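After the structure tokens below, expect a handful of questions from me.
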Amino acid sequence: MIKNDWLLEQIKTLTRSISLLLLGKYPKEEEMVLYKKENRLWLELDAFLKERRVNDGENRLFEALDNQEEGAYVAVVLFYDALNQWTEEELKEAKFSREEIYSGLKDVMKTYGPTGELFV
């Protein structure tokens, strides 16, 4: 339980860091609501999440990042933030783990964020 609490907090911190570094700010709640309504990539990823197809969603997210699709950085924050709110049972049902969330965020930072050991 302690490890999961620690990892949960690490994911929250990393998500906020990505927001600040890639978006230049951490969006306010009302901005997040707007992003969720207007970001086409997020709508696609959200459909994957609702179907518990997390791996497919993550693959689509990295494809969007590779192709520099509009809204991809916002979608990173929305996707991993949404996943981090799932219970352990929900993650298990989707054949995903909190460790994979953390790993995905680290991969985003390694590939698309500033370089340096802080984010590796």
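Look at L14 and say whether it is among the hydrophobic types (A, V, I, L, M, F, W, C), within 23 Å of E88 (Cα to Cα) and modelled with pLDDT of 75 or more. Reasoning before the result, please.
On the way: among the hydrophobic types (A, V, I, L, M, F, W, C): yes; within 23 Å of E88 (Cα to Cα): yes; modelled with pLDDT of 75 or more: no.
When the stated conditions are applied, L14 does not pass them.
Quick one: how many residues across segment 50-68 are part of a loop (DSSP other than H, G, I, E, B) and under 17 Å from G113 (Cα atoms)?
Our first condition is that a residue be part of a loop (DSSP other than H, G, I, E, B); within segment 50-68, this holds for 51-53, 67-68.
So of that shortlist, the ones also under 17 Å from G113 (Cα atoms) come out as 67-68.
The total comes to 2.
Can I ask one more? Where the second residue is exposed (fewer than 15 other Cβ atoms within 10 Å of the Cβ) and the first is among the aliphatic types (A, V, I, L, M) and lies in segment 55-73, which pairs have Cβ atoms under 8 Å and are six or more apart or on separate chains?
Final answer for the pair search is L65/T111.
Let me ask something additional. Of the residues in segment 85-120, how many are under 19 Å from K50 (Cα atoms) and either modelled with pLDDT under 90 or outside any helix (DSSP H, G or I) (or both)?
Number of matching residues: 7.
Now, a different point. Does segment 91-113 hold any residues that are free of Cβ contacts under 8 Å to residues at least 40 places away in the same chain and either over 16 Å from D56 (Cα atoms) or surrounded by 20 or more Cβ atoms within 10 Å (Cβ to Cβ) (or both), and which are they?
Scanning segment 91-113 gives a single hit, K110.
Suppose we filter L43, L20 for residues that are modelled with pLDDT under 90 and either within 12 Å of the chain's Cα centre (by Cα) or not hydroxyl-bearing (S, T, Y) (or both); which single one remains? Please lay out each step first, then the result.
Numbers: L43 fails: modelled with pLDDT under 90.
L20 is the lone residue from the list that is modelled with pLDDT under 90 and either within 12 Å of the chain's Cα centre (by Cα) or not hydroxyl-bearing (S, T, Y) (or both).
The values are calculated or read from the model by the stated rules, or taken from the named source; none is laboratory data. Because the structure is a prediction, the values reported are computed rather than measured. Using ideal geometry, Cβ is built from the backbone for each residue, glycine included, and neighbour counts are taken over all protein chains shown.
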